[in-house]
Each structure stands twice: as structure tokens, then as C-alpha cells.
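The values are calculated or read from the model by the stated rules, or taken from the named source; none is laboratory data. The model shown is predicted, which means the values in this text are computed figures rather than measured ones. Note: ideal-geometry Cβ built from the backbone for every residue, glycine included; neighbour counts use all protein chains shown.
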């Protein structure tokens, strides 16, 4: 394609779609490459497409379904003139301006690029996992903990994130099991001390989940002792997987600076990367908050940063 766009947005979760809304309203005519439905790491709408009830996004006092929320985001961006391509970006070139973005054989060029490819939660890789995600199985305690009030739930993991989520969930659940495959936690001492002191939290050592049970809704798990290999059932109404996240940054590994954990580096309080005219927002660069509302806020920042950068170039 020979048309030079003002901005190409790669990714269409809360960050990318909010960037599209702001960029479109600023007459930047954004092109959004939203990913492909067949790709779990780059699907249109991001992680919220796998979420059922969203109750913590402002403006929806009765809650809203994740896919519906993302559809609303997309419709709003389209209303203001954003253009969408349902393809996966296969290659980028940020070494010269205008920047180049490829989807297979098709090439698109733009004066600025906003990267909003998000991140994905690491999963256990067990059968039934995908079907029960959002139906008793979750990867976000902050998002879904409220739904498990006075129920027995389990958290899988042994790092700071897992212990933090398990401790947070004791506010709602009657009992929280922390399932860890080793005999000691990887979490920091302060997090370990909090876990050991919490009467509602029980740590199941040397255990791993080998089966997730439930038809339409999670009903329990099967645990296997990592030493004796003995298996036993554990009846829980909720299961939270907290074994880490993986940012979708493989495409940019040789083009942009990454942190040690794989997330994109941006300037403090900004969406700017080290390449002038290339911006990043949402979970692809946020390794701390990882919420839909913060992703949307950073998408707004990226669009404004891109608009002002273009103005500076024209001046």
C-alpha cells in the first residue's frame, strides 16, 4: 500500500481500541490491525474476549460481558473513522520513516505506530482449561475475586503474584488453597510471612494440578503429589492460575528495547519508546497493573503522544 497513514495501531484490546478512538477523533484516520480470531496471543479484542462478567470497568454498574465491552469499544472507534484489518502483523520495520508494517504480503506505511499487542496469561495446558475460563477458572483475582464470596477456591503458583492473589482472595472466599509444586515458595519473605499468618490460607506443598473438572462450570481439580505421584481430588468452586504472564513482544524483539521479563520499555509517565514516533501502551508494556481500565488509559496517552509528536514534526 502506498498511502502513508498518520498512525497504525497494532492490537485491539482496551489499549489499542482506546488509542483508535482518540486518534480517530483527532482526525488521524487510524488503521487498526486487530489480529486474527485463530490466534490466542493476538486475537481481536484481547484478553477481555475470554472474560465473561466485567464488574470493575467504570460506567457499568450492573457489569458487562467482556466481548460486549470490546464490541462497544470497536464500534465507538469505527464511528469516528477508524479503519480495521482483521489480520496478524508478521513483520515491522522501524529503521526508517515512514514506518512499515506487513500482514503477510501486504505492506502498510505510517508516520507513527502504536504497539498495543497486550500479554497473555501463562496456562497449565490441561484439557478443559479453555472451556472453563470465565466459568470458575480465572487468571485475575482483582477482576474476579468478588464472584467467589464465601466459596472454597484455589490458586496455582508459588511466586509473589500467586501469593498476593491468594492473600487478596481471602477477603472474599471462605477458604483459599495455594497449590505449589515445590516444598518452598519462590515469593519474597514479606509475602511468605503474610501467607503463613493468614488463617484462611492453606498451602498445599509438592502438588500440581493434573486435571480440571467440570461441565460448563468448574467443580474441582485433581492434584498429584510431585514426590509420591499419588492423586487426590480437591473440591473447589474457583481456580486461579497465577504462574505468570507473557507479553506479546516477539514481533518487536529486534526492533524495540525489552525489559528482562519481555515487556516493552517506555519512558516514565509516557508511551514513548526509544524510537521517536513509535509508542506502546497497555499490557505489552505494563507488567504491574494489567487491568482493562489502566490499559485504556494508556491507550489514550499513546494517541495523544502520537498526535503531539506529529504536530512537532509539522512545525
Exactly one of (1) at pLDDT 90 or above; (2) touching a strand residue (DSSP E or B) at 6+ places or on another chain (Cβ under 6 Å); (3) not in a helix (DSSP H, G or I) is unmet by residue 135. Its number? (2)
Take the conditions assigned to a loop (DSSP other than H, G, I, E, B), touching a helix residue (DSSP H, G or I) at 6+ places or on another chain (Cβ under 9 Å) and in the same structural domain as residue 303 (by TED's automatic domain parsing) and apply them to residue 60. Does it pass? yes
Being assigned to a loop (DSSP other than H, G, I, E, B), under 27 Å from residue 138 (Cβ atoms) and in contact with a strand residue (DSSP E or B) (Cβ under 9 Å, 6 or more places away or on another chain) narrows it down to one residue among 262, 216; which is it? 262
For residue 224, all conditions in the list (1) surrounded by fewer than 15 Cβ atoms within 10 Å (Cβ to Cβ); (2) without any contact (Cβ under 8 Å) to a residue 24 or more places away in the chain hold save one; what is the number of the exception? (1)
Taking the condition of being in a strand (DSSP E or B) and surrounded by 13 or more Cβ atoms within 10 Å (Cβ to Cβ), how many residues in segment 86-111 meet it? 12
Exclusive hit being under 23 Å from residue 122 (Cβ atoms) and free of Cβ contacts under 8 Å to residues at least 40 places away in the same chain, set 196, 168: 168
Of the residues 19, 24, which is touching a helix residue (DSSP H, G or I) at 6+ places or on another chain (Cβ under 8 Å), modelled with pLDDT of 95 or more and surrounded by 24 or more Cβ atoms within 10 Å (Cβ to Cβ)? 19
Kindly provide the set of residues from segment 1-28 that are under 26 Å from the mean Cα position of the chain (by Cα) and at positive phi, ordered by number. 11
Which one is farthest from residue 246 (Cα to Cα), of the residues in segment 138-164 that are free of Cβ contacts under 8 Å to residues at least 40 places away in the same chain and outside any helix (DSSP H, G or I)? 150
Can you pull out every residue in segment 288-306 that is surrounded by fewer than 19 Cβ atoms within 10 Å (Cβ to Cβ) and more than 15 Å from residue 142 (Cα to Cα)? 297, 300, 304
Looking at segment 33-45, can you tell me whether even one residue there is under 23 Å from residue 307 (Cα atoms) and modelled with pLDDT of 95 or more? yes
Kindly indicate the residue of segment 169-189 that is touching a helix residue (DSSP H, G or I) at 6+ places or on another chain (Cβ under 9 Å), surrounded by fewer than 17 Cβ atoms within 10 Å (Cβ to Cβ) and over 23 Å from residue 136 (Cα atoms) and also modelled with the highest pLDDT among those meeting that condition. 184
Residue match in segment 185-193 (condition: under 21 Å from residue 122 (Cα atoms), touching a strand residue (DSSP E or B) at 6+ places or on another chain (Cβ under 8 Å) and assigned to a strand (DSSP E or B)): no
Of the numbered conditions (1) in contact (Cβ under 8 Å) with a residue 24 or more places away in the chain; (2) out of contact with any helix residue (DSSP H, G or I) (no Cβ under 9 Å at 6 or more places or on another chain), residue 230 fails exactly one; give the number of that condition. (1)
Tell me which residues, restricted to segment 252-275, are touching a helix residue (DSSP H, G or I) at 6+ places or on another chain (Cβ under 7 Å), in contact (Cβ under 8 Å) with a residue 60 or more places away in the chain and surrounded by fewer than 20 Cβ atoms within 10 Å (Cβ to Cβ). none
Out of 270, 298, report the one residue that is more than 20 Å from residue 100 (Cβ to Cβ), part of a loop (DSSP other than H, G, I, E, B), assigned by TED's automatic domain parsing to the domain that holds residue 26 and at pLDDT 95 or above. 270
Sole miss for residue 49 among (1) at pLDDT 95 or above; (2) in contact with a helix residue (DSSP H, G or I) (Cβ under 7 Å, 6 or more places away or on another chain) is condition (1)
